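The values are calculated or read from the model by the stated rules, or taken from the named source; none is laboratory data. Model, not experiment: these values are computed from the prediction. Every residue, glycine among them, receives a Cβ derived from its backbone with ideal geometry; neighbour counts consider all protein chains shown.
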Amino acid sequence: MLSNAIKLIFIFSVSFFLKESKYSPKNDFQGMAVYVSKSKLDLGRWGARMSEAQKKQVAARLKNRLEKEFTLVFNKEESLFVEEEQLDAISGATDSWGKNFAAGENYKNVKTNTQIQQQEFYGKKFLVKDNLQPMSWTLSGETKSIGNYVCYKATTFVPTNDLLWYSFSWSRMRSTGSETSSEDSEKPLEVTQIEAWYSPQIPVRHGPSEYWGLPGLILEVSAGDTTMLCSKLVLNSNTAIEIEAPQKGSIVTKSEYQDIIQNKMVEFRNNRMGRRR
């Protein structure tokens, strides 16, 4: 769900390595997990008019948005989730436009129910401080193995706008009431079904992105058409992991940040329309 034209469907085709090193008594429980995802581009009706060569060309240009890698470092109480920066497959540059609507460094503290996320929007830094996203999980007895770990299934539903508060789309903006037509006002609240697989063998309540709150580390999570899967896990290494919350930027809440980017996008649109007159 990076844009209206993209549906993220995870296709995990590489072998992965899960490692647990010997526990070091001098350190608290800590770990590092790498999550990988691949995305499939859905071009809809527009794609039906394109040749296979054209589709491949578009996919190549958007490769750095369609294939992503993330790192989660954690201890018993805190975690920090960061996307690894990638170069554009065609130009060799970073995706500066996409960064305006991508999730920044995400710090979570499950003890204090705190989330701090650093966002940059068109050159200005924001420090978004708020409570953790509420997650009312339904636990299941269904299990499967991910690497050497037995994982249990859990599900929940979350309003889509709450999951994507850091991004922007005109359709979601209309659904929030910022730009509502009579037709939009009759639409039900859009929610996203979330399916997670967690392992009690890793006794922390962390997970990638907004996800947390289960009795074990989340090793795989699917939300709508988006899935992330842990490809590497290191626990209790001899090197201490430092977890620091982001500190730079204007302090706002999630709701305030949504208002900022929505107002700015409306301003951009109105300015473009004004120049065309």
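A few comments on the model shown:
- In region 217-270, residue farthest from the chain's Cα centre (by Cα) [restricted to those that are loosely packed, with under 13 Cβ neighbours inside 10 Å and of a type in the set (Lys, Arg)]: Arg269
- Among (1) modelled with pLDDT under 60; (2) farther than 22 Å from Val221 by Cβ; (3) surrounded by 12 or more Cβ atoms within 10 Å (Cβ to Cβ), the one test that Gln54 misses: (1)
- Residue within region 195-209 that is in a helix (DSSP H, G or I) and modelled with pLDDT of 90 or more present: no
- Evaluated against (1) at pLDDT 85 or above; (2) exposed (fewer than 14 other Cβ atoms within 10 Å of the Cβ), Ser185 falls short on exactly one condition, (1).
- When region 237-258 is limited to residues that are among the small types (Gly, Ala, Ser) and touching a strand residue (DSSP E or B) at 6+ places or on another chain (Cβ under 7 Å), the one that is farthest from Tyr166 (Cα to Cα) turns out to be Ala245.
- For region 140-152, the set of residues classified as of a type outside the set (Lys, Arg) and touching a residue at least 40 places away in the same chain (Cβ under 8 Å) consists of Ile146, Gly147, Asn148, Tyr149, Val150, Cys151, Tyr152, listed by residue number.
- Across region 225-273, the number of residues qualifying as within 30 Å of Tyr149 (Cα to Cα) and of a type in the set (Lys, Arg) comes to 1.
- Whichever residue in region 220-268 is at pLDDT below 85 and in contact with a helix residue (DSSP H, G or I) (Cβ under 9 Å, 6 or more places away or on another chain) and, among such residues, is farthest from Ser209 (Cα to Cα): Val266
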